[in-house]
Amino acid sequence: MKDLMLAFGEELQKRFSGNTQTIEEMMAEVKKQQRKISNHERRIALLENRLIKFMARPDSVSQGKKSKLRIAGSDISLIRTRLNLSQATFARLLKVDRSSVCRWEHGQIKLSQKTMKRIAPYRYMGRKELAKRLQELEEEIWSN
């Protein structure tokens, strides 16, 4: 056991004898790298938000061609669960009955283009924008 500890100690000494950095210098370098990572994360978040807004724009860029939206029932379910909404809340946002949302998700009703256009903005919507929409809906309900 003593031989093993001596060998381990010698190995540690070999590895760290060439390193002249102090702990303070190492910590400063770690903090510097953490700041860089934080800056990169912020930039990535900004780019993701820009991409989401770009993707949520109407398909008016298609050079005058009227392109049909395609949203399946499973897509509606994914959109709703990604936004962490119940069927009832999602139905209130779209100003439809909850049973309609349920039937869309289970493929019992085919969605019209008009309905798909109402759902489309929620595909790439972020939580902040959703919270704003929910607040507007709440105000609208209470004002009536």
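The values are calculated or read from the model by the stated rules, or taken from the named source; none is laboratory data. Being a predicted model, the structure only gives us computed values, none of them experimental. Glycine gets a Cβ as well: all are built from the backbone with ideal geometry, and neighbour counts include every protein chain shown.
Quick check on this structure: which one of 34, 87 is modelled with pLDDT of 85 or more and either under 27 Å from residue 135 (Cα atoms) or touching a helix residue (DSSP H, G or I) at 6+ places or on another chain (Cβ under 7 Å) (or both)? Let's see the steps before the verdict.
On the way: 34 fails: either under 27 Å from residue 135 (Cα atoms) or touching a helix residue (DSSP H, G or I) at 6+ places or on another chain (Cβ under 7 Å) (or both).
On inspection, the qualifying residue turns out to be 87.
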Read through the list (1) surrounded by fewer than 16 Cβ atoms within 10 Å (Cβ to Cβ); (2) touching a residue at least 60 places away in the same chain (Cβ under 8 Å), then give the number of the only condition that residue 125 fails.
(1)
Starting from residues that are assigned to a helix (DSSP H, G or I) and among the polar types (S, T, N, Q), keep the ones in region 125-144 and report whichever is modelled with the highest pLDDT.
135
Counting just the residues of region 46-65 that are of a type in the set (S, T, N, Q) and modelled with pLDDT under 70, which one comes out farthest from the chain's Cα centre (by Cα)?
63
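Out of 77, 99, report the one residue that is buried (at least 17 other Cβ atoms within 10 Å of the Cβ), of a type outside the set (Asp, Glu) and assigned to a helix (DSSP H, G or I). Before the answer, list the steps.
Values: 99 fails: buried (at least 17 other Cβ atoms within 10 Å of the Cβ).
Step by step, each of 77, 99 is checked, and only 77 is buried (at least 17 other Cβ atoms within 10 Å of the Cβ), of a type outside the set (Asp, Glu) and assigned to a helix (DSSP H, G or I).
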Of the residues in region 108-144, how many are small (Gly, Ala, Ser) and within 15 Å of residue 80 (Cα to Cα)?
3
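Hey, can you tell me all the residues within region 66-80 that are among the hydroxyl-bearing types (Ser, Thr, Tyr) and modelled with pLDDT under 85? First the steps, then the outcome.
Restricting attention to region 66-80, the residues satisfying the condition of being among the hydroxyl-bearing types (Ser, Thr, Tyr) are 67, 74, 77.
Correct list: 67, 74.
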Restricting attention to region 94-122, and to residues there that are in contact with a helix residue (DSSP H, G or I) (Cβ under 6 Å, 6 or more places away or on another chain) and of a type in the set (Lys, Arg), which single residue is nearest to residue 68 (Cα to Cα)?
118
Matching residues, region 102-124, being over 20 Å from residue 136 (Cβ atoms), basic (Lys, Arg) and part of a helix (DSSP H, G or I):
103, 114
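Conditions (1) loosely packed, with under 14 Cβ neighbours inside 10 Å; (2) among the aliphatic types (A, V, I, L, M); (3) touching a residue at least 12 places away in the same chain (Cβ under 8 Å), marked per residue:
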residue	(1), (2), (3)
81	yes, no, no
86	yes, no, no
94	no, yes, yes
131	yes, yes, no
139	yes, no, no
